[in-house]
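**Q** Below: one structure in structure tokens.
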Amino acid sequence: MLIVFFFVLKTTGLSSLSFLKNLILMSLPYRMPAAGSKGSPKNPGELKDDTSSSREEKQTLMRAISSPPLQNYHVWWSLSDSKYAGTALFVKKCIQPKKVSFSLDGKASKHEPDGRVILAEFESFRLLNTYAPNNGWKEEENSFPRRRKWDKRILEFVAQSTDKPLIWCGDLNVSHQEIDVSHPDFFSSAKVNNYIPPNKEDCGQPGFTLNERKRFSTILSEGKLVDAYRFLHKEKDIEHGFSWSGNPVGKYRGKRMRIDYFIVSEKLKDKIVSCEMHGQGIELEGFYGSDHCPVSLELSSVDSSES
């Protein structure tokens, strides 16, 4: 049995999660920059600690991962050159990946400057942990091209990575279908300062524009991939079916989106035992101080050596 957890969580909540003792793998975005002085190359595997706030946050985190239950995990960091992004991967010490890399090209030594990728190779499957860039609201802010470029790179990766099953998890920053948002009309018509993009398919809440959703459909189709949660949960669940509540207006009105996923190769779909959102309701129970809630995936044994 392989149990994987993905979550975006404030540091102070990490060690309080009693369910961690049952987990094999954990992936999470972590918003803390890499060490290094301003204007110089950063160390993407070392946490920044040259200010009082960063030292305090690093100390809190290090205490958490050196205490039960996190002390039972190996951890790999992929940190950002700024405070915007970054990811981490926790793997229980009873298993060991063959290789861990920090770019979509697992053969290269290149490290994603935003810390958005951790790629772990196991004997019988590949785990990709990503934190996708937000699409943003305006074409001229360069966020639309940045997201299009990211989606193109992901498409190329999944199309070429067919030699072994893939488990892809993370904050993918897209809600694929109307069923994946609580209020489709609200999110499809959302805008900032009354700005309307030139292309109507770029209109709406970042993550719910038609262009993003179409590209995500292509990624799933070309990569022969399955959305594990939607594979099991065919109907809309207004209470438990969403993972993000961060819209500046909508978060106070129960307007939520599902942007955190477990995506698996089609050949793994019959091994999906469960895939659940662990937050619920307008009160955001189970969000642990974050605007995202944890998401879990349970698979029957991918391979006997990694059960």
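The values are calculated or read from the model by the stated rules, or taken from the named source; none is laboratory data. On a predicted model such as this, the values are computed, not experimentally measured, just so you know. Backbone-built Cβ (ideal geometry, glycine too); neighbour counts: all protein chains shown.
**Q** In the stretch 135-149, what residues are surrounded by fewer than 21 Cβ atoms within 10 Å (Cβ to Cβ) and in a helix (DSSP H, G or I)?
**A** Within the stretch 135-149, Glu139, Glu140, Glu141, Ser143, Pro145, Arg146, Arg148, Lys149 qualify.
**Q** While we're here: When the stretch 86-134 is examined, which residues are found to be among the basic types (Lys, Arg) and out of contact with any Lys or Arg (no Cβ under 7 Å at 6 or more places or on another chain)?
**A** In the first step, residues of the stretch 86-134 are kept if they are among the basic types (Lys, Arg); the result is 92-93, 98-99, 107, 110, 116, 126.
Lys92, Lys93, Lys98, Lys99, Lys107, Lys110, Arg116, listed by residue number.
**Q** Given Ser245, Ser265, which one is surrounded by 14 or more Cβ atoms within 10 Å (Cβ to Cβ), over 30 Å from Ser300 (Cα atoms), touching a residue at least 12 places away in the same chain (Cβ under 8 Å) and not aliphatic (A, V, I, L, M)? Spell out how you get there, then give the answer.
**A** Working: Ser265 fails: over 30 Å from Ser300 (Cα atoms).
Only one candidate qualifies: Ser245.
**Q** Mind listing just one residue for me: the one in the stretch 158-183 that is of a type in the set (A, V, I, L, M) and part of a helix (DSSP H, G or I) and, of those, nearest to Asn211 (Cα to Cα)?
**A** Within the stretch 158-183, the subset of a type in the set (A, V, I, L, M) is 158-159, 166-167, 172, 174, 179, 181.
The next check asks that each one be part of a helix (DSSP H, G or I); those that pass are 158-159, 179.
On the way: Val158: 19, Ala159: 20, Ile179: 17 Å.
Per the criteria, the residue is Ile179.
**Q** May I ask you to list the residues in the stretch 189-236 that are part of a loop (DSSP other than H, G, I, E, B), surrounded by 15 or more Cβ atoms within 10 Å (Cβ to Cβ) and among the aromatic types (Phe, Trp, Tyr)?
**A** Once the filter is applied, which keeps residues that are part of a loop (DSSP other than H, G, I, E, B), surrounded by 15 or more Cβ atoms within 10 Å (Cβ to Cβ) and among the aromatic types (Phe, Trp, Tyr), the stretch 189-236 yields only Phe208.
**Q** Regarding the stretch 275-291, can at least one residue be identified that is part of a helix (DSSP H, G or I), touching a residue at least 60 places away in the same chain (Cβ under 8 Å) and over 23 Å from Glu141 (Cα atoms)? It would help to see each step written out before you state the result.
**A** Within the stretch 275-291, the subset part of a helix (DSSP H, G or I) is none.
Checked against the condition, which is being part of a helix (DSSP H, G or I), touching a residue at least 60 places away in the same chain (Cβ under 8 Å) and over 23 Å from Glu141 (Cα atoms), the stretch 275-291 yields no hits at all.
**Q** Moving to a separate point now. Give the residues of the stretch 190-218 that are hydroxyl-bearing (Ser, Thr, Tyr) and within 18 Å of Trp244 (Cα to Cα), sorted by residue number. Can you show your working first?
**A** First, pick out the residues of the stretch 190-218 that are hydroxyl-bearing (Ser, Thr, Tyr): 195, 209, 217-218.
Once the filter is applied, which keeps residues that are hydroxyl-bearing (Ser, Thr, Tyr) and within 18 Å of Trp244 (Cα to Cα), the stretch 190-218 yields only Thr209.
**Q** Any chance the stretch 72-84 includes a residue that's among the polar types (S, T, N, Q), closer than 26 Å to Trp244 by Cα and modelled with pLDDT of 90 or more?
**A** no
**Q** What's the total number of residues in the stretch 237-274 that are in a loop (DSSP other than H, G, I, E, B), farther than 12 Å from Ser175 by Cβ and not small (Gly, Ala, Ser)? Steps first, answer last, please.
**A** At the first step, the residues of the stretch 237-274 found to be in a loop (DSSP other than H, G, I, E, B) are 237-243, 245-249, 253-256, 258-259.
Right, trim to farther than 12 Å from Ser175 by Cβ and you get 237-240, 245-246, 248-249, 253-254.
Restricting the remaining residues to those that are not small (Gly, Ala, Ser) gives 237-240, 248-249, 253.
Result for the stretch 237-274: 7.
**Q** Among the numbered conditions (1) part of a strand (DSSP E or B); (2) aromatic (Phe, Trp, Tyr); (3) surrounded by fewer than 22 Cβ atoms within 10 Å (Cβ to Cβ), tell me where Phe186 comes up short.
**A** (1)
**Q** Need the failing condition index for Leu155 against (1) part of a helix (DSSP H, G or I); (2) out of contact with any helix residue (DSSP H, G or I) (no Cβ under 7 Å at 6 or more places or on another chain), just the number.
**A** Looking at each condition in turn, Leu155 falls short on (2).
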